[in-house]
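**Student:** Take a look at this one; I'll ask things after.
Throughout, read-outs are computed from the coordinates displayed, never taken from laboratory work. Being a predicted model, the structure only gives us computed values, none of them experimental. Cβ placement follows ideal geometry from the backbone for every residue including glycine, while neighbour counts extend to all protein chains displayed.
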Amino acid sequence: MGMFATVFVGLSFLVRTPRTSSAPAAKVRRALSPVRTYAPAVDIVMVYRDAQAFRTRRRVRISKTLRHRSGRLYLLGHYELASRPHTFRLDRVIGFESLDGMAIDRQDFVRERLQLPADLQLNAVGPGGGD
């Protein structure tokens, strides 16, 4: 599953938390170029499958769409669990919901609200998150 670091919490017990490395993320960010900036930012709930195939629901404030030099599109935004900007691979987004929980068609949201090309193909996301 990944490397773990042991963290002491108080004096009485141990908690194991995943060790994260910012080196791969920094490398990806350097390879990204802006496609579109959203002002005001787009507030949305995303159903997302991460690189480890964990499915999560995240309230996100999307500020930009970015393109990796490989051609993959990423959404840049803040979500409630992060204290810094975070990138989300667009092909790993399973679905979108309004803030009040209403499902939004993924293709329509990408085309109309994010103003990305109508011919953009959003393939279904498999267990590997599109890798």
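**Student:** Modelling each spin label as a point 7 Å along the Cα-to-Cβ direction, I'd like the R57/E97 distance in nm, to one decimal.
**Tutor:** The two pseudo-label positions are separated by 0.2 nm.
**Student:** Still on this model: If you stretched the chain out fully between V35 and S83, how much longer would it get, using 0.36 nm times the residue separation minus the C-alpha to C-alpha distance?
**Tutor:** Working: separation 48, 0.36 × 48 = 17.28 nm, distance 2.35 nm.
Full-extension gain reported as 14.9 nm.
**Student:** For every other residue with a beta carbon closer than 13 angstrom to the beta carbon of S63, add +1 if it is Lys or Arg and -1 if Asp or Glu, then tell me the sum.
**Tutor:** Values: positive: R36, R61, K64, R84; negative: D43.
Net of charged neighbours comes to +3.
**Student:** Rank the residues Y38, Y48 as a footprinting-exposure proxy: fewest other Cβ atoms within 10 Å of their Cβ go first.
**Tutor:** Numbers: Y38 17, Y48 22.
Fewest-to-most Cβ neighbours within 10 Å comes out as Y38, Y48.
**Student:** Within a 10 angstrom radius of the beta carbon, how do F109, F54 rank from fewest other beta carbons to most? It would help to have the intermediate numbers written out before the result.
**Tutor:** Numbers: F109 20, F54 9.
So the residues, fewest neighbours to most, are F54, F109.
**Student:** Just want the ordering: E80, E97, from fewest to most Cβ atoms lying within 10 Å of their own Cβ. Present the calculation step by step, with values, prior to reporting the outcome.
**Tutor:** Working: E80 9, E97 16.
Fewest-to-most Cβ neighbours within 10 Å comes out as E80, E97.
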